[in-house]
Every structure is written in C-alpha cells, then in structure tokens.
Amino acid sequence: MAIFLSFIVFNCLFTGDLLVTLGYNGNMSNTRFNAGRALPHRYEPQAPAQKSPKRPSPQSRRRKIIAAATSLTLLGGIVTSVSPSHALDLRPKGVDVASHQHPFGSRVDWKRVRLNGYSFALIKATEGTHYTNPYFRQNRDEARRSAMIIGTYHYGRPDQSPVLQALHYADTIQCQNNPLDMPPVLDLEITGGLGPILLHAWTAVFLSTLNIRCGTNSMIYTYPYFWRTAMRNTPLFSFAPLWLADYNGKDGPTTPLPGGWTNWKIWQYTSTGRVPGINAAVDLNRFNGGYVGLAAMSLRQEVVPTIPTVSVNGQWRIDPEYLAEVERLVKKGQKALPRMVYADPQIDPDLYKVE
C-alpha cells in the first residue's frame with residue numbers, strides 16, 4: 001500500500017500532472033502581465049522580474065520530496081485513525097464548520113468526529129475585510145491533532161474590496177502551507193448588489209490575488225442556482241476546483257454542472273447533518289476521489305492561474321482583450337485558459353490600488 005501511495009504522489013510531483021490540470025501547455029512565454037501601462041489601470045500582480053523559466057532546481061525538488069514523504073506518513077495515520085466500522089470507506093467525507101457549530105461556546109470534539117469516519121474539515125476562517133471566526137484557530141489546531149485533513153474558507157462580501165479580503169484571508173490562514181492542508185476556498189453565494197459583469201471581475205480579482213499570494217489554485221464554493229443566475233453561468237472560472245452545494249437527495253451533484261465545470265472536487269449534500277462531537281447541525285460533504293487525491297490537493301505551484309482585470313473609474317472589469325480571446329476560443333469550440341503567472345508570497349498591496 002505504501003509503495004502504491006508513493007508512486008501516485010511522486011508521479012504527480014515529477015510528471016507535471018498538476019500543471020496540466022490547470023491548463024498549462026508547456027509554453028511559459030508571455031505568461032506574466034506587463035506592468036506600467038497607462039490607464040485603465042491593470043490588475044497586474046506579479047513576482048519580481050525573472051529570467052526565462054527553468055526546470056525546478058534540485059533544492060525545490062528536495063523540498064517536494066520531503067513534503068510528499070511527510071504527506072504519506074500523515075496519510076497513513078489518517079487512513080488508520082478511524083473506528084473499524086468506517087475503515088473500509090475509502091471515499092473521504094468531511095464536515096464544514098463555522099461559529100454556528102459552537103452553541104453557547106461549546107467546543108467541537110474533533111477526536112469523536114474523526115472516529116466516526118470524517119477525514120477532512122473545512123473551517124470558516126474569515127469574512128469581508130476584517131472579520132475572523134473566533135473559533136478558527138481552535139478548530140484548525142484541534143482537528144489537525146486529530147489526524148484530519150484541514151481546509152478553510154472565506155465568506156466573500158462582493159460589496160467590499162476583493163484585494164483586501166483576499167489578503168486578510170491569506171494572512172489569517174498563513175496560506176495553509178502545512179502538509180495535507182487543502183487549497184483555500186472562496187465561498188461565493190451573495191452578490192453584494194453587483195450585477196454579473198462586476199461580480200465576474202470581483203471574483204477574478206479575489207482569486208488572482210489569493211492564488212498569487214499563496215501559490216495555489218483556490219477552490220470556489222457555490223450552489224447551482226446562484227452561479228446560473230447571479231454569475232450568468234459564466235465558464236471563466238472553471239479552472240478552479242469546485243466545491244458545490246447541491247441538496248438533491250441523490251448520490252452526487254445534479255448534472256450538467258454549472259459554469260462549464262466538467263467535474264467537482266467536493267460535494268456538500270446537506271446542511272442538517274448530525275455528527276457525534278458537534279453540538280449543532282452541520283454541513284456534510286463528500287470528496288470526489290480517494291485519500292491520495294485529497295492529499296495531492298495540498299501541493300503548491302510555482303505558477304498559478306489568474307484572470308486579467310482592469311479598473312476603470314473605480315470599478316473592476318475583466319480585461320476586454322482577454323474576453324475577446326475567450327470569445328474567439330468559444331466560437332472555435334475550445335476552452336478558455338487562465339493566465340499563468342508566478343506566485344509571489346511577498347505581494348505588495350499597493351500594486352492593487354484602484355485608480
């Protein structure tokens with residue numbers, strides 16, 4: 001079993017499968033935005049100027065080997081830390097929690113949650129530009145000590161700055177760089193009064209900021225009706241892993257999926273679950289795959305997907321040149337790809353000032 005797990009994880013590390021899933025086609029030329037253009041001001045976060053991309057250095061590969069080895073060790077603990085009645089369930093299931101799961105300040109007993117077969121926890125971290133869930137760190141640390149895979153999410157407020165929200169979230173979760181931490185998540189389920197065009201741009205700015213800051217491909221949480229109406233079923237963000245809320249009483253989300261997605265990563269199938277160790281109703285989720293796939297989501301990338309945007313008169317818009325390119329591809333029956341840029345953990349918020 002350990003040999004099989006090692007093969008799968010190391011294959012992902014060294015064959016570039018993760019970059020392929022992001023739409024990377026091997027050509028790194030012209031992947032970063034050009035800085036310093038005149039108005040309209042470009043949303044152009046980028047790492048300092050670099051020479052043409054090279055293969056990962058030996059040091060980088062050693063770091064990945066260490067991370068993979070650590071992940072395999074932790075993965076073994078996760079698979080074996082459940083009660084016998086759940087030991088043969090190889091489809092990971094999880095819970096997502098916020099302050100609502102702490103009635104009268106009660107704690108979540110994460111060991112009981114884990115023993116009852118739940119292997120991952122998605123924990124609300126932040127909302128808007130300033131709010132932090134008061135139970136976030138407690139839940140994260142105690143769930144991690146209970147051998148659970150950890151994820152977090154940010155409840156988006158589209159009536160507030162997408163840049164400040166993304167940076168607030170990234171700083172709060174410290175980009176989730178621990179082994180087996182899942183990618184960050186944008187929880188998008190309200191419009192904040194924005195119409196579809198402005199909401200598309202808000203989402204693009206938030207995801208691009210977060211991806212560049214944390215070196216990852218962040219997930220999107222939404223539900224079908226919202227995406228088909230408030231977002232006009234746009235396929236622009238189908239490169240992001242999908243966490244879909246769909247309470248249909250079936251064995252999986254309703255198909256076809258919204259927004260051009262052809263696959264989903266996490267399915268939230270109820271908001272009224274009951275789990276020993278949690279003193280309130282809780283959302284229940286399934287992962288679309290096995291434990292190795294769940295663990296592989298923690299790997300970070302040197303280049304990340306973004307959607308180019310512009311700011312005109314204080315409002316964000318998707319870059320018209322990019323939209324024209326998308327339209328041309330759609331007419332040819334091809335799928336639009338995001339712009340791949342270098343991650344930059346030291347990103348400067350001043351780069352995002354709206355002019």
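Counted as qualifying within the stretch 106-186 are the helices (runs of 4 or more DSSP H) with 3 or more residues that are free of Cβ contacts under 8 Å to residues at least 40 places away in the same chain, namely 136-145. How many residues does the stretch 162-180 contain that are polar (S, T, N, Q), at negative phi and at pLDDT below 95? So the count comes out to 2.
Considering only residues in the stretch 284-295 that are buried (at least 22 other Cβ atoms within 10 Å of the Cβ) and assigned to a helix (DSSP H, G or I), the one that is modelled with the highest pLDDT turns out to be Leu294.
Only one of the listed residues (Pro276, Pro224, Pro235) is over 22 Å from Leu115 (Cβ atoms) and either buried (at least 22 other Cβ atoms within 10 Å of the Cβ) or out of contact with any Pro (no Cβ under 8 Å at 6 or more places or on another chain) (or both). That residue is Pro235.
The values are calculated or read from the model by the stated rules, or taken from the named source; none is laboratory data. Not measured: the values here are computed from a predicted model. Using ideal geometry, Cβ is built from the backbone for each residue, glycine included, and neighbour counts are taken over all protein chains shown.
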